[in-house]
Amino acid sequence: FGEDSHLISEMVLAYMKGSQRNSLEDTTCTAVCVKHFLGYGAGVNGKDRANAMIPENYLRQYYIPPFKKAIDAGALSVMISSNAVNGLPCHINKYFITGSLKGELGFKGVVVSDFSDVEFLVAAHQSAADMREATRLAINAGLDMIMHPFDAKIVDIIIDLVKNGEIETARIDDAVTRILRLKFALNLF
């Protein structure tokens, strides 16, 4: 919404109140997905998925507060940013996803990838050799749901990674719990 973290935080809160309100039992309400965690608009070259150079104190002072406001207000989903911050793509940044978002901020909702961004860990970021490695890195970093719309083979990849012990069952259990909790809140069952 802008560059002022206080103004953005207040606008996020107003959006949350208008869209998600206090209860999803009202069929006119929607589950809010706040995005993009973290530093999305700050790419040094101004292009999508570009690396952003952001010192830790700037992340905490300017970028995290709007997300904290949304989480405290009950945001049910957070989408990870397509870019990299300080050289590490956000989709495989365990410090951001598990440490900050799920840990420090106490987010209990669903952490979702952006559209095809796990695939872009191979194609654009070149931080994984193939889709198998990209999937392992993203899920182990804390990603709960992968939006990989064009190829259902990702399901087989995840099953194989779990069977081979490269992704712990507890990590899958956490992701499934978060996703099912959201689906129940949305009365999808």
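The values are calculated or read from the model by the stated rules, or taken from the named source; none is laboratory data. Bear in mind that the values here come from a model prediction, so they are computed numbers and not experimental data. Note: ideal-geometry Cβ built from the backbone for every residue, glycine included; neighbour counts use all protein chains shown. Just the protein is used for accessible areas: all its heavy atoms, side chains included, with ligands, DNA and RNA removed. Shrake-Rupley method; radii C 1.70, N 1.55, O 1.52, S 1.80 Å.
Quick one: count up the residues across the stretch 23-70 that are of a type in the set (S, T, N, Q) and part of a helix (DSSP H, G or I).
First pass over the stretch 23-70, keeping only residues of a type in the set (S, T, N, Q): 23, 27-28, 30, 45, 51, 57, 61.
From the residues that got through so far, the ones that are part of a helix (DSSP H, G or I) too are 57, 61.
Adding up the residues that qualify gives 2.
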Within the stretch 124-139, can you find the residues that are surrounded by fewer than 18 Cβ atoms within 10 Å (Cβ to Cβ), of a type in the set (A, V, I, L, M) and farther than 16 Å from SER81 by Cα?
ALA129
With respect to LEU38, determine if the residue is on the phi < 0 side of the Ramachandran plot and in contact with a strand residue (DSSP E or B) (Cβ under 8 Å, 6 or more places away or on another chain).
yes
Please go through the stretch 131-150 and give me each residue that is in contact with a helix residue (DSSP H, G or I) (Cβ under 9 Å, 6 or more places away or on another chain) and over 15 Å from PHE96 (Cβ atoms), ordered by number.
MET131, ARG132, GLU133, ALA134, THR135, ARG136, MET145, ILE146, MET147, HIS148, PHE150
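Are there any helices (runs of 4 or more DSSP H) wholly within the stretch 71-189 with 2 or more residues that are without any contact (Cβ under 8 Å) to a residue 24 or more places away in the chain and among the polar types (S, T, N, Q), and if so which? Write out each step before concluding.
Values: elements: 117-123, 131-141, 153-163, 169-185.
By residue number, 169-185.
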Residue selected from the stretch 72-92 under the condition of a type in the set (A, V, I, L, M) and in contact with a Gly (Cβ under 7 Å, 6 or more places away or on another chain), by the criterion most open to solvent (accessible area, probe 1.4 Å)
LEU76
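If you check ALA152 against the conditions, is it farther than 30 Å from CYS29 by Cβ and surrounded by fewer than 16 Cβ atoms within 10 Å (Cβ to Cβ)? Working first, answer last.
On the way: farther than 30 Å from CYS29 by Cβ: yes; surrounded by fewer than 16 Cβ atoms within 10 Å (Cβ to Cβ): yes.
Here the answer is yes, as ALA152 does meet what is asked.
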Within the stretch 155-182, residues closer than 22 Å to THR98 by Cβ, more than 17 Å from the chain's Cα centre (by Cα), surrounded by 12 or more Cβ atoms within 10 Å (Cβ to Cβ) and of a type outside the set (A, V, I, L, M, F, W, C) come out as GLU166, GLU168
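Out of the residues in the stretch 25-48 meeting the condition of being in contact (Cβ under 8 Å) with a residue 60 or more places away in the chain and surrounded by fewer than 19 Cβ atoms within 10 Å (Cβ to Cβ), tell me which one is farthest from ALA75 (Cα to Cα).
So the residue we want is GLU25.
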